[in-house]
Amino acid sequence: MRLPGLLISSMRRNRAYPGEHAWKGWPYLLPAFLVYFVFTFLPILETIRTSLFDWDGISPTRQFVGLQNYTRLIADSQFLTAFFHNLVFIIFYCIIPILVGLLLASLLTRRKIKGFTFFRTVLFIPQVISMVVVGVVWRWIFNPTFGPLNVLLRAIGLQIWAKAWLGDFTWALPAVGSIGTWVQYGFCMILFLAGMQRISEEYYEASSLDGANAFQQFIHITIPGLRPEIGVALITTIIAALRVFDLVFTTTRGGPGDSTLVTGFLIYRSAFLQKDMGYASAIATILTVVILSISLLIRRFSSDSKGEPA
Amino acid sequence: MKSLKLTTILAIIAVLLIASCAKVATPTEPSGANTTEKTLVVWDQFYRPVESSVMDTLNREFEAAHPGVKIQREVKVLEDLELTLPLALTKADGPDVAQVNQGRNSMGALVQAGVLLPLDDYVAQYQWGNVFSTSVASRNSFSADGRVFGQGSLYGVSPTAEVVGVFYNKDIFKSNGWKVPATFEEFEALLKDIKAKGITPISFGSLDGWNAIHEFSSIQHLLVSQDYINNLTYGVNNVSFDTPENVQAAQILLDWSKAGYFTDGYPGIGYDDSNNLFKSGQGAMTITGSWLTAELLTGTDQQFGFFLMPPYSGKTAMSIGGVGIPFSIRKTSLEPELSAEYLNWMISPRAAELWAEAGMLPAMNLPADTKVDTKGLFGDTLNAWNTINKNNLVGHYIDWATPTFGDTLTAELQKLLGGITTPADFAAAVEKDYSAYLAEQSK
């Protein structure tokens, strides 16, 4: 999991040790920087360059078309639909998992629970399973004929709710999204559990002496105390929502119609199925810019301006 | 002093960067070119165990007939092959022979990039004209610039054939006294009868999407002319997709869905899952390609048969079909003669027999004295292929028509069946994709 830019601000503060020169540390970064440069930075530059060309990905020649791929993009209703679905995915990948993670974390820490480690581990399991496996398993769970979900609904007399979840124009997007929720909440929970252990017990003691109830403590002590963790959770889950590909690829391939089409899948389809490398690169470039700007925005709001991490 | 050190470090970084970039750019030298031992590198996508053993047998026999030749085989799943082949074909040590998928996106793009060898010389040398009809050969043909599909030079030879039709469960048919329908009218009446008995008439799942194109196009092939389907697929003579026939085919498909002829909840069922349901006896029929045959011959206690989608009474009709993924030769191969001989071996009578034994349709004629069992399900598909091949009734996979056609058709068919659009909207939406492509091509 990448935590972009989190270290930069703390590094800046440690700069001025007397008798040391700031640049002395840089050579130590060299090996990692080389790997980063060759395998991340160069490909990014190459993608931006490719986005200015019309290219099928094979031919030795490519035709320079300037910003044509980008003007095509703005007018492409499929891209706009796909991007809207990514925004919907933020609800399922980010907002619900953070709420569920907060709830579970506070349930697990505020009271001593027997088998704490067991619950923590079980609740975290979805996060460690490969996304392809998750996709295949949930495809079966949602199967209208033999899938456990519909079987259960029929067994308890709710057969009118049983439906072809992944093939339904209304329900496919929430169905795929809820798989995302299932995967992401464990990560948020673990993050918040770690954060809560850092909040001093004294605050809770003092507030309960002043008559605060559990809910008030949660709002006024736990949430502010978790600010940096919530920031990290927001950034990573929003990035996950915006670049989702594997889950859509293994469950619906964007269908039915375009109802679960996301930008990540659109990039794959344009580049490798339709051999339109320039257009795919343009989408990828826009997506990267959007992700970077959102990450920077969140970082600005979540990190304390005085650098005091609670 | 301080700044000097800094410059040194920067210089080292720069040198390392240049070195690492330069290494990426250097092409690799061809290996084993000068040794007496010849190695032929072959990439294929016959990964399923039965298919794979046919390839191994053919390779072993080829090596035995050519002392000193070693075949280095690499097997990939089709999707992997399509992702890795384009780059590999531009390398000096890439595969000499490889399976290249048909259509504009795959073979067309590779011809355009100039990495495939035109096979015209070998067509004459090995008299491949006697092995394939022109209709079959045109599926593997492109103009030299890769822009015109279905004409020009041959770029690949296909060992196997495919035909899309109707698989049916013989046990279910027998116990209900149903017969294989001879006309489309009988077929539709049969669907009604089966539904009335409480059995699923057609096992189907549209979650993966692509197979819905076969359901639609099977009906479409009954309604349109052969010229139309050729023009549409090869993108010539400016035909439109928005025709009364295509609207009618979409309407029939929609009617079937509304009448409940498909598996309950079919929009949420994948292709493999729907086939497994059919194989386990849930569903009287399923519409798909002959490639499912081998799957239906093992691991089930049900008996299956196959028939072509029957024509309207008093008419003849085409069926979707064609030849399997062809073998092509890399243009820069150092062994073009040996590669061509290998291609010729892949479409030999011996190869036909081995494919038939494995339950797959050979694109070539079987030897007259063949011992292959041509009864049962395999015999049904073989007869179906022979019927359309001999009578020149082999139709097309229409998703070849434009680079985006498969994706557009899939999405639009799902919308049609989901009740989002009407048959007229469907034809208009697909035509939009098609005419945009024609306009692009004529630039």
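Of all residues assigned to the range B:276-293, at least one qualifies as being within 22 Å of the chain's Cα centre (by Cα), within 14 Å of another protein chain (Cβ to nearest Cβ) and free of Cβ contacts under 8 Å to residues at least 24 places away in the same chain. Checking each residue in the range A:95-145 for being under 21 Å from the mean Cα position of the chain (by Cα), within 14 Å of chain B (Cβ to nearest Cβ) and of a type in the set (Val, Ile, Thr) picks out A:132, A:136, A:137. Is it fair to say residue A:236 is under 18 Å from the mean Cα position of the chain (by Cα), under 14 Å from residue A:176 (Cα atoms), crowded, with 17+ Cβ neighbours inside 10 Å and not hydrophobic (A, V, I, L, M, F, W, C)? Taking the combined requirement at face value, the residue does not satisfy it. Residue B:403 satisfies every condition listed in (1) assigned to a loop (DSSP other than H, G, I, E, B); (2) within 20 Å of the chain's Cα centre (by Cα); (3) more than 30 Å from residue A:252 (Cβ to Cβ) except (3).
Of all the numbered requirements in (1) farther than 30 Å from residue B:262 by Cβ; (2) in contact (Cβ under 8 Å) with a residue 12 or more places away in the chain; (3) in a loop (DSSP other than H, G, I, E, B); (4) not small (Gly, Ala, Ser), residue B:178 misses one, and that requirement is (1). Being at pLDDT 85 or above, more than 11 Å from every other protein chain (Cβ to nearest Cβ) and within 25 Å of residue A:270 (Cα to Cα) is a description that applies to residue B:81. Taken residue by residue, the range B:271-283 has no member that is of a type in the set (Gly, Ala, Ser) and part of a strand (DSSP E or B). Pairs linking a residue in the range A:261-275 that is within 18 Å of residue B:415 (Cβ to Cβ) and within 9 Å of another protein chain (Cβ to nearest Cβ) to a residue that is assigned to a helix (DSSP H, G or I) and of a type in the set (A, V, I, L, M), with Cβ atoms under 7 Å and 6 or more positions apart or on different chains, are A:261/A:82. For the range B:420-434, a tally of residues being among the hydroxyl-bearing types (Ser, Thr, Tyr) and over 25 Å from the mean Cα position of the chain (by Cα) returns 2. Whenever a residue of the range B:193-216 is assigned by TED's automatic domain parsing to the domain that holds residue B:308, its partners that are of a type in the set (Lys, Arg), lying with C-beta atoms within less than 8 angstrom and at least six residues away or across chains, give the pairs B:201/B:195; B:207/A:139; B:208/A:253; B:209/A:253. Return yes or no: is residue B:403 closer than 28 Å to residue B:86 by Cα and not small (Gly, Ala, Ser)? Considered against the rule, which asks whether it is closer than 28 Å to residue B:86 by Cα and not small (Gly, Ala, Ser), residue B:403 comes out as yes. Comparison of B:280, B:240, B:206, B:290 shows that the only residue that is more than 27 Å from residue B:178 (Cβ to Cβ) and of a type in the set (Gly, Ala, Ser) is B:240.
Scanning the range A:112-119 for residues that are surrounded by fewer than 17 Cβ atoms within 10 Å (Cβ to Cβ) and in contact (Cβ under 8 Å) with a residue 12 or more places away in the chain turns up nothing. When residue A:59 is tested against (1) without any contact (Cβ under 8 Å) to a residue 24 or more places away in the chain; (2) more than 11 Å from every other protein chain (Cβ to nearest Cβ); (3) surrounded by 15 or more Cβ atoms within 10 Å (Cβ to Cβ), just one condition goes unmet, and that condition is (2).
The values are calculated or read from the model by the stated rules, or taken from the named source; none is laboratory data. Note that the structure is a prediction, hence the values are computed from the model and not measured. Glycine gets a Cβ as well: all are built from the backbone with ideal geometry, and neighbour counts include every protein chain shown.
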